[in-house]
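Comments concern the structure below.
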Amino acid sequence: MLIVKKKLISYCLVISFLFLSLFSFAQTSIIRGTVEDMSANAVSYASVSIINTQITTQSDQLGIYRFKKLKTGSYTISVSNIGYKTLTKTIEVKNNETVVLDFQLMPTINILGVVTVSGIRTISGMGRIDEIHDGIVYSGKKTEVLILDSLDANIAQNNPRQVLGRIPGSNYSETQGSGFPSSGIGFRGLNPTQSIETNTRQNGYNITADIYGYSESYYLTPLEAVERVEVTRGESSLQFGPQFGGVINYITKDGNKNKSFEYSTEQTGGSYGFANSFNSFSGQVGKFNYYSFVQYQATQGWRPNSDYSQITGFGKLSYQANSKLKIDLEYTLMRNRIHMAGGFDDAQYNYKDDTSYRSRNWLESPWNVIAAKLEYKISKNTSLNITSSYLFSARNLVWKNEDGGPGIPDSISTITLQYVNREVEREKMNSLTNEVRLLSNYKLAGMNNTLATGIRIFTGKFLRQEDGVGTTGSDFDLSITGPFGTQETFTTTNIAPFVENIFRVTDKLSVTPGARYEYLHSTIDGYTDETDDGTTVYSNNSKDRSVPLFGIGVQYKTTTSTNIYGNISQAYAPVTYDQLTPIGSVSKIDPNMKDAKGFNSDIGWRGTFGKYLNFDVDAFYLAYDNRIGLEELTDSNGNEYTYRTNIANSVNKGVEAYIEFSPTKLINDNSANNISFFNSFAYDDAEYTTGPYKGNSVEYAPKIINRFGITYARKIFSTTFLISNTSNSFGDASNVVLSSDPVAGLIPSYTVMDWSATCKFKNNYNIKFGLNNLANEKYFTLRTDEYPGPGIIPAIGRSFYLSFGATF
């Protein structure tokens, strides 16, 4: 009997325990609600968090948020979003209860007028980077940020005027209409061709082949995948490298943190058979966030023989292990085939700019980049960032040898009944870049100060094969009939430690000195028959360089939303092997070129007033010694030719101004209609200060670049009209207006008008449409001594696009 009672008591205890466990497990509650603005419109992607916990979420596209599995108790919920005041509410939650807690956010209307999100300050599509962002010091530097979702622009075709045109002084080599879709960008009178003087990055790592040997950009991130574009001008040399032209960084989107799977698509069609299909897949699964896309793009081209096709893929997987550690893995792929229509001499261009005299010129540039990133918060005040990227890519070219320039026809021989043999060029690029950054906040003399230090270690290998005798055909065929005339292997090793420190003298004034040390080891091994007498020359050489760089920045807060900034930083540009041995160039090359050096400096005032005025006005001075460029000479037979060499020392100085004003926001911040104007203006006096061309203008440096835009927005609709004016410039240092060599000559001024519009429906669907070059302006931006020419490369005429997008 006693045994039975003990068993019965045991069973009762077990049953009671299970019952209580189930009861306590079931006693979980839910808090849900909506986030709206003062007009009862949904506020998407607002940050919603429970105070004093690590529990956080976002409102979805309908403004709905939800917290599940909460215990009984009192909770304080905080909601924040760009352009709104942070709002908190406290609520009691009972057992197994669903509580509805709605939020109505008020717009920010105090003197700040700006909102800080991840170190970005903006009240519109254009803003600036804060003092510290992603482990990098920006205090005292001139920066710009473009938020792509807030712009009306032709992003399907990466139209540079519409997307990057708000950046004062930005100049472009517009080649996308002539069979070479990757347009280059340059700032402050620097060469825009293939962005060779600008450090081009994606998510913080380099995407060019070799930062010191071959800095041309072939892959650019599809703008449909880009959340924002960050630009830092020339004073970026201490944190990113010694380039004169600064840094442009394309930041891709993250996966939707509120869905395990989200699919977005953009389908675009346009003039001249343009078709673009962009599809992305993203989401959040536990601690993993992922974002990926596949893009296919093709066009028949506005000129004959300017068709191309391209497929681009990207995948990013982020693992948030805990509040301290985050790891990212990324892979980028591009495959393309480009038909190059060739360049013009001046007579050909003036006669008819939408034709082509070349049908057998082809290029491909298969691109691959793998990157790994680690972010670790060592302590409350110290963080560590490590980025490693490996690039393995190529560039292959088959074309009619361009000796004689575009004036020599590529025609079928009446004797052989065939074309002449084409020339084949092959290049392979492999590089590994490791960047380590340590950021630490500390107190000194009662003020908060910030130390940023790190190191970059780069190794690159570049194999160049050229002068291969190709086929007499017209299709894309890289086969050759014998050995390459030139085969050279170049290697580069770079070790570069750096340090910068923000010393906050007062709450308003900060001073940021810094230093960087560049060590370069370069080698060349191979042979070439590119000599005047046709003999073969063998090379096996190496060169070491050690270059210290110094700089200092100052920033003074005039108000809580405005500041004065100033900076001076040394810059350096080593002679690269693409300059010493350019592929397919019609120019002669000086084999004894020297490295360039100089400095960048700025002083300016920037900020915002309310939500109606955004501005940044500055003066700059760029000293560039031993500048490499082209000059026009005459040979012993009286024939004109271009010569690439150290021209002389030069100075670029001027002013830049960006002003955006919204009269409707000034009158009524809550108006359903919004009209805003922006003006991006740059005056650049770029001249040679020494040598035979003293007083001449630096090539590709227009004195004035001015862009004026007006935007109207109402609820689901917005539209932008843009006028871009660029004054004339020259193709070489001699500043000749007309030459028998089309590489040298005037690049006339031009004015282009663009119109674009966007309609959004239910936050899930959109229609985008517009007209590029509305008035069908005839103009060009590039005279080139190599592909996709040589000669004048015309910009595309009037064209339209229409895009449909959806998110599920």
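The values are calculated or read from the model by the stated rules, or taken from the named source; none is laboratory data. Source: prediction; values computed, not measured. No Cβ is skipped: glycine too gets one built from the backbone with ideal geometry, and neighbour counts run over all protein chains shown. To get the accessible areas, we keep the full protein, side chains included, count just its heavy atoms, and leave off ligands, DNA and RNA. Shrake-Rupley method; radii C 1.70, N 1.55, O 1.52, S 1.80 Å.
Structure notes:
- Ranked by the mean number of other Cβ atoms within 10 Å of their residues, highest first, the peptides 410-417, 303-310, 228-235 come out as 228-235, 303-310, 410-417.
- Heavy-atom surface of the stretch 535-660, accessible at 1.4 Å and reported per residue (Å²): 43
- Residues with amide H under 5 Å from that of LYS85, placed H, sequence gap 5 or more: MET106, THR108
- With both labels modelled 7 Å from their Cα along Cα-to-Cβ, the SER359 to LYS715 distance reads 5.5 nm.
- Sorted largest first, extent of the chain alpha carbons per principal axis (Å): 120, 64, 52
- Pairwise label distance in nanometres, THR88 with ILE64, each label 7 Å out on the Cα-Cβ vector: 2.8
- Backbone amide hydrogens, once placed in the peptide plane, bring SER539 within less than 5 Å of GLY526, TYR527, excluding anything fewer than 5 places away on its chain.
- Rolling a 1.4 Å probe over the protein heavy atoms leaves LYS94 with an accessible area of roughly 140 Å².
- Ordering of 422-429, 98-105 by packing [mean C-beta count within 10 Å, highest first]: 422-429, 98-105
- Here the extension length gained between GLN104 and THR634 equals 183.5 nm, from 0.36 nm per residue of separation less the Cα-Cα distance.
- Tail weight of P(r) past 24 Å, computed on alpha-carbon pairs of the stretch 668-764, percent: 47
- Net length gained if the chain between THR751 and TYR442 were fully extended (0.36 nm per residue, minus Cα distance): 106.1 nm
- For the stretch 738-792, dividing the convex hull volume of the Cα atoms by the residue count gives 107 Å³ per residue.
- The angle between the Cα long axis of helix 2-26 and the main principal axis of the chain comes to about 50°, on a 0 to 90 degree scale.
- One chain, two ends: VAL537 and ILE767. Fully extended at 0.36 nm per residue, the span grows by 76.9 nm beyond their Cα-Cα distance.
- Residues whose amide H lies under 5 Å from that of VAL575, counting only those 5 or more places away or on a different chain, are ASP595, ALA596; hydrogens are built 1.01 Å from N in the peptide plane.
- The chain: calculated mean residue ellipticity at 222 nm from DSSP helix runs of at least 4, using -39500 (n - 2.57): -1500 deg cm²/dmol
- In sequence order, the stretch 66-82 has phi-based couplings of 7, 10, 10, 6, 8, 7, 4, x, 9, 10, 10, 9, 10, 10, 9, 6, 4 Hz under the Karplus curve 6.51 cos²θ - 1.76 cosθ + 1.60, θ = phi - 60°, and Gly or Pro positions carry x.
- Surface accessible to a 1.4 Å probe, THR634 within the full protein complex, Å²: 90
- The stretch 204-296: C-alpha gyration tensor shape, a/c 1.5 cut-off, then a/b vs b/c: oblate
- The heavy atoms of SER474 offer some 50 square angstrom of accessible surface to a 1.4 angstrom probe.
- Placing a pseudo-label 7 Å from each Cα along the Cα-to-Cβ vector at LYS377 and ASN776 gives an inter-label distance of 5.9 nm.
- Share of carbon and sulfur in the accessible heavy-atom surface of the chain [1.4 Å probe, %]: 59
- Ratio of the Cα radius of gyration of the stretch 462-523 to 2.2 N^0.38 Å, where N counts its residues: 2.36
- For LYS324, the lysines whose Cα comes closer than 18 Å to its Cα, not counting residues fewer than 8 places off in the same chain, are LYS287, LYS373, LYS377, LYS380.
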